[in-house]
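Here is the structure we will look at.
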Amino acid sequence: MTEPRPTPLPESSGRFFLPGPTAVDSRVLAAQARAVIGHRGPGIRTLVARIQEGLRTIFRTDRPVFVSTSSATGLMEAAVRNGVRDRLLALVNGAFSERFAKIARACGKEVEVLEIAWGEAHEPGAVAERLRGGGYDAVSVVHSETSTGALNPIAEIASAVREASDALMLVDSVSGLGGADVRTDEWGLDFVLAGSQKALAVPPGLAFAVASKRMMERAESLPDRGCYFDLPQFRRKMEKLQTPNTPAVTLLYALDEQLGRIREEGLDARLSRHRAMAERCWAWVEDASARAGLDLRVLAPAGRRSPTVTCVLLPEGLRGPDVVGSVTERGWVIAPGYGKLREGAIRIGHMGEHTVPELDDLLEVLAESLSVTRAPAAGGA
Ligand SMILES: *Cc1c(COP(=O)(O)O)cnc(C)c1O
């Protein structure tokens, strides 16, 4: 009888440029192959204590970092259930910020949307204006909009929100944290959430969040927080260096290993590496337009681009899924546009463990794929 075999690791995880999940280092993957331990014993406390230290550095916070065994969307729901009393102002500029509004509606909250074009970033002045007299008790925003590659200026928005109202600032930094700077305490963010599988380059399945004192007080005052994402319960357990329920212990091993690697690289160096990859990607797009006559464009405006993901608009005659397919045939992975941008764009996730040289190799393959993909369309037109 033949046993089904696990798929072998790709020859080079340096070829996997999805904007999440991202490639995981083989040592981090290997760290999962250890004996499971109980989640109420002494072993877990040592592990959670070490993980806390690593995560606090990345969130730049002195507060506890909650660890949830769920995907990041779970903690978006936690943000709503623990942070929104009646009325949420949802800042929408892409698919994930739209999801935030949808979750709030599904949780029975009143939601008003401040929507700008997908690809653009929200500006603090407009947010403050919308907030005044609106009776909102929370604002949701996505830091790095993975669907468009736009980066919202969350420090400035948080400060404008604080000046205009006493609404809580709920931030999804799922594809930001670990690749884009997040200063939770300094910027006065009330809730920041992230997932394991984006810039942190840990396998999917864990999510992390920090809640401000104001956020915890709000949570205590809300009667219908539900059960699985009850933040006061997370806090009570975290005081004992535990989680509310059985955590994905093997993912905690992977996280522990990866946090060690991030510490070794240094957070600032890690953020610079992401910045360098993003800049290389944007320069390549400009160069491709100038040199190869390919009418490519980075969707997000300069100054408001995410260091972790770039969405590139394709010229007429090129389809996102076709370009992705051609890249796939060459053994590499990128993503098409997301949602309504699927047909006309591609997305490159330059985050996690990738380096500029690896990105250069991808861009070379992409250049080739674009010209091959374009040829029949041009001939047939
Ligand atoms: C990926 C992503 C999510 C959803 O994360 P899941 O782990 O799939 O639930 C939410 N917001 C942003 C910005 C993301 O990039």
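Points to keep in mind about this one:
- Search result, residues across the range 85-100 that are basic (Lys, Arg) and surrounded by 18 or more Cβ atoms within 10 Å (Cβ to Cβ): ARG99
The rows are residues; the columns are (1) within 16 Å of the ligand (Cβ to nearest atom); (2) at negative phi; (3) hydrophobic (A, V, I, L, M, F, W, C).
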position	(1), (2), (3)
GLU264	no, yes, no
SER289	no, yes, no
VAL298	no, yes, yes
ARG305	yes, yes, no
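- Number of the condition not met by LYS102 [criteria: (1) touching a helix residue (DSSP H, G or I) at 6+ places or on another chain (Cβ under 9 Å); (2) more than 23 Å from ARG273 (Cα to Cα)]: (1)
- ALA23 fulfils the conditions (1) away from the ligand (no atom under 16 Å from the Cβ); (2) modelled with pLDDT of 95 or more except for a single criterion, (1).
- Unique match (being farther than 26 Å from VAL28 by Cβ and not polar (S, T, N, Q)) among ARG218, ARG263, ARG270, ARG183: ARG218
- ARG50 vs. criteria more than 16 Å from the ligand (Cβ to nearest atom), assigned to a helix (DSSP H, G or I) and at pLDDT 95 or above: yes
- Summed over the range 116-137, the residues that are outside any loop (DSSP other than H, G, I, E, B) and within 16 Å of the ligand (Cβ to nearest atom) give a count of 2.
- For the range 328-351, a residue qualifies if it is in contact (Cβ under 8 Å) with a residue 24 or more places away in the chain, in a loop (DSSP other than H, G, I, E, B) and either in contact with a Gly (Cβ under 8 Å, 6 or more places away or on another chain) or surrounded by 22 or more Cβ atoms within 10 Å (Cβ to Cβ) (or both), and the qualifying residues are ILE334, GLY337, TYR338, GLU343, GLY344, HIS350, MET351.
Every residue, every condition in (1) surrounded by fewer than 23 Cβ atoms within 10 Å (Cβ to Cβ); (2) without any contact (Cβ under 8 Å) to a residue 12 or more places away in the chain; (3) of a type in the set (A, V, I, L, M), yes or no:
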| site | (1), (2), (3) |
| --- | --- |
| LEU47 | yes, no, yes |
| THR61 | yes, no, no |
| VAL80 | no, no, yes |
| GLY83 | no, no, no |
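- Looking across the range 181-220 at every residue that is within 11 Å of the ligand (Cβ to nearest atom) and aliphatic (A, V, I, L, M), the one that is farthest from HIS143 (Cα to Cα) is identified as LEU206.
- For the residues ARG304, ARG319, the requirement of being surrounded by fewer than 24 Cβ atoms within 10 Å (Cβ to Cβ), over 20 Å from VAL356 (Cβ atoms), of a type in the set (D, E, K, R) and out of contact with any Gly (no Cβ under 8 Å at 6 or more places or on another chain) singles out ARG304.
- Qualifying residue in the range 202-221 (condition: of a type in the set (Asp, Glu), at pLDDT below 95, touching a helix residue (DSSP H, G or I) at 6+ places or on another chain (Cβ under 8 Å) and farther than 23 Å from SER97 by Cβ): no
- Among the residues making up the range 223-242, those that are outside any helix (DSSP H, G or I) and either free of Cβ contacts under 8 Å to residues at least 60 places away in the same chain or within 13 Å of the ligand (Cβ to nearest atom) (or both) are PRO223, CYS227, PHE229.
Every residue, every condition in (1) in contact (Cβ under 8 Å) with a residue 40 or more places away in the chain; (2) of a type in the set (S, T, N, Q), yes or no:
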{"position": "GLY149", "(1), (2)": "yes, no"}
{"position": "ALA155", "(1), (2)": "no, no"}
{"position": "ALA164", "(1), (2)": "no, no"}
{"position": "GLY176", "(1), (2)": "yes, no"}
{"position": "THR184", "(1), (2)": "yes, yes"}
{"position": "GLY205", "(1), (2)": "yes, no"}
{"position": "MET215", "(1), (2)": "yes, no"}
{"position": "SER221", "(1), (2)": "yes, yes"}
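- When THR310 is tested against the conditions (1) polar (S, T, N, Q); (2) within 20 Å of MET351 (Cβ to Cβ); (3) assigned to a helix (DSSP H, G or I), the lone failure is (3).
- Hey, PHE96 under 26 Å from ARG297 (Cβ atoms), within 16 Å of the ligand (Cβ to nearest atom), in contact (Cβ under 8 Å) with a residue 40 or more places away in the chain and not in a loop (DSSP other than H, G, I, E, B) or not: yes
The values are calculated or read from the model by the stated rules, or taken from the named source; none is laboratory data. Computed from a prediction, not measured in an experiment: that's the story for all the values here. Reconstructed Cβ throughout: ideal geometry from the backbone, glycine too, with neighbour counts over all protein chains shown.
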